[in-house]
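The structure under discussion appears below in the form of C-alpha cells.
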Amino acid sequence: GTDAPPADTRGTDARPLSAPALAVPREYAICVAGEWRAELTYADVVEAIALGQLQPHERLRLPSGDTCVLKDVPEFLRHARSASFSTVTSDEFPALQPERTVRADAGGVVAALGSSLVRSETGLWLAEQGAVRKEIYVVEGTPVLVASNMPGELLGEYLVARGVVSRGELDMALAVMPRFEGKLGDTLVALGLVEPVHLYQHIAAQVEEKLLETALWTSGSFAFYPGATAPGERFPLVSTPWEILLEATRRRLLHGLDPLDVGDPTGGLVWALSRSLPRALATSTLPGAMALALVLLRKPRRTADVVAALDDPDGRDGARGARVLTVLTRLDIAVPAQPN
C-alpha cells in the first residue's frame, strides 16, 4: 500500500471485475543486494520500493522478460521518491550531516518538532530507533509528510487494521493496481471500496498517527536536515502543529515519559514568559488552553497555580494543565522567572 491519493477517475475503466481479472500474476523479479527475488506480484514490488528495500539504482525484471534499472521505470520510481531517505536526499545533501540531533529520551518528537515550529523551519526530521526509520517533513514548522519503513504503516495495512476495507478487498485492489498507475488510493476509489473524501481523511489521520507513534520512543534520535523538501503528495494533517505537540505530550505523560508535576514536585517554581517569544506564537492559531497559558504567564506564577488554572474543571480532560505547561517549558516559551 502507498500513500498516494485518488486522482480524478472520470473516464477510468471501473467496470465490475470478473474473477479471471483478479488472478494475481507473479511475473516480476527484483535484485536486492545482488540477489534476485523472483515470482513477485506487482504489489510485492511496490512494497519493496516503498519500504526502501529496493533502491533506484537496483535492477527489476518485468513480465516481458526485460531487465531494467528501477530509476528508468517512472511507474515504480514514484513510490521510492515518497519513502526513501537515501534516494530523496543523497543528491541534495551528499554529506548527510544533520544540523542538530534530539535524543528520544530528551524530549523526542516534542522537542524536535517544537523547535522547528517556533523557528518556522522547512526541512526533514529523520527519526530512527533501531531498524525503524521515519521521515517527517516540515514546511515552516508544519508537518506535511511522514514516511515510514514499517510494513504495518503502509496505507493498505492501516485501512485493514481500522476496518475500512477487508483483507480480501485490499488483496483485490493490490492485484489490479497496475490498471491505475500503481496508485492504491485511485484503485480503492475506482473499485468503490472507499469514498474519495473518506480516503483523504484516512490518509491524513494515518500520516498524523505515524508521527505520534514516535512520542513513546524511549531510545533513538531525531536528526534535522534543513532545506529538504517533501517529495510527492502532501496532506493537511487532522490537527494543527500545536495540537500535535499537545497530543504527543499527553501520550508521554500517560506513559510516565514526562513527569505530571512538570519537574516541580512541590509546585512552587515560578514561571513567566520568555523575553524573546517566537514569532510563530503570534501567527499561529493556538489551542484555547495554550492561549490562556500565555495570558496567565504575563505575570510570574507558580507551577501549581498555572496547572490549576488550566485544568479542566469538569475533569474530563485530565492533566491538561500539566500538558500545556510541559510543552511551553520544553520549548523555552515559559522560563523560570527572574527574581526582582
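Here is a list: 329, 283. Which entry is modelled with pLDDT of 95 or more and outside the structural domain of residue 108 (by TED's automatic domain parsing)? Give the derivation first.
On the way: 283 fails: modelled with pLDDT of 95 or more.
When all the criteria are applied, what remains is 329.
What are the residues in the stretch 278-314 that are hydroxyl-bearing (Ser, Thr, Tyr) and in a helix (DSSP H, G or I), if any?
Taking the stretch 278-314 first, the residues hydroxyl-bearing (Ser, Thr, Tyr) are 283-285, 303.
Within the stretch 278-314, 283, 303 meet the criteria.
From the residues in the stretch 302-335 that are without any contact (Cβ under 8 Å) to a residue 60 or more places away in the chain and touching a strand residue (DSSP E or B) at 6+ places or on another chain (Cβ under 6 Å), which one is farthest from residue 246 (Cα to Cα)?
Let us first name the residues in the stretch 302-335 that are without any contact (Cβ under 8 Å) to a residue 60 or more places away in the chain, namely 302-318, 320-321, 328, 332.
From what's left, touching a strand residue (DSSP E or B) at 6+ places or on another chain (Cβ under 6 Å): 302, 328.
Details: 302: 21, 328: 10 Å.
Filtering the stretch 302-335 for residues that are without any contact (Cβ under 8 Å) to a residue 60 or more places away in the chain and touching a strand residue (DSSP E or B) at 6+ places or on another chain (Cβ under 6 Å), the one farthest from residue 246 (Cα to Cα) comes out as 302.
Among the polar types (S, T, N, Q) and in a loop (DSSP other than H, G, I, E, B): which single residue out of 329, 249, 266 fits that description?
On the way: 329 fails: in a loop (DSSP other than H, G, I, E, B); 249 fails: in a loop (DSSP other than H, G, I, E, B).
Just one listed residue meets the conditions, 266.
Kindly establish whether residue 275 is closer than 19 Å to residue 120 by Cβ, in a loop (DSSP other than H, G, I, E, B) and basic (Lys, Arg).
On the way: closer than 19 Å to residue 120 by Cβ: no; in a loop (DSSP other than H, G, I, E, B): yes; basic (Lys, Arg): yes.
No.
Go through (1) within 25 Å of residue 254 (Cβ to Cβ); (2) buried (at least 21 other Cβ atoms within 10 Å of the Cβ); (3) not charged (D, E, K, R) and name the single condition residue 184 misses.
Single failed check for residue 184: (1).
Based on this model, can you work out whether residue 14 counts as at pLDDT 70 or above and in the same structural domain as residue 157 (by TED's automatic domain parsing)? It would help to see each step written out before you state the result.
Working: at pLDDT 70 or above: no; in the same structural domain as residue 157 (by TED's automatic domain parsing): yes.
So residue 14 does not fit the description; no.
Out of 139, 146, 160, I need the residue that is crowded, with 22+ Cβ neighbours inside 10 Å and either over 23 Å from residue 40 (Cβ atoms) or modelled with pLDDT of 85 or more (or both). Which one? Please lay out each step first, then the result.
On the way: 139 fails: crowded, with 22+ Cβ neighbours inside 10 Å; 160 fails: crowded, with 22+ Cβ neighbours inside 10 Å.
That would be 146, the only listed residue that is crowded, with 22+ Cβ neighbours inside 10 Å and either over 23 Å from residue 40 (Cβ atoms) or modelled with pLDDT of 85 or more (or both).
State all residues of the stretch 34-51 that are part of a strand (DSSP E or B) and either closer than 17 Å to residue 69 by Cα or not assigned by TED's automatic domain parsing to the domain that holds residue 167 (or both); if no residue qualifies, say none. Can you show your working first?
If we filter the stretch 34-51 for residues that are part of a strand (DSSP E or B), which is where we start, we get 35-40.
Those that are part of a strand (DSSP E or B) and either closer than 17 Å to residue 69 by Cα or not assigned by TED's automatic domain parsing to the domain that holds residue 167 (or both): 35, 36, 37, 38, 40.
Taking the stretch 197-233 only, how many residues are surrounded by fewer than 17 Cβ atoms within 10 Å (Cβ to Cβ) and either more than 15 Å from the chain's Cα centre (by Cα) or modelled with pLDDT under 90 (or both)?
12
Can you list residue pairs whose Cβ atoms sit under 6 Å apart, with the first residue in the stretch 273-300 being touching a residue at least 60 places away in the same chain (Cβ under 8 Å) and the second being assigned to a loop (DSSP other than H, G, I, E, B) and buried (at least 16 other Cβ atoms within 10 Å of the Cβ)? Count only pairs 6 or more apart in sequence or on different chains.
Short answer, once both residue conditions are applied: 273/297; 274/333; 280/120.
The values are calculated or read from the model by the stated rules, or taken from the named source; none is laboratory data. What you see is a predicted model; the values in this text were computed from it and never measured. Ideal geometry is used to build each Cβ from the backbone, glycine not excepted, and the neighbour counts take in all protein chains shown.
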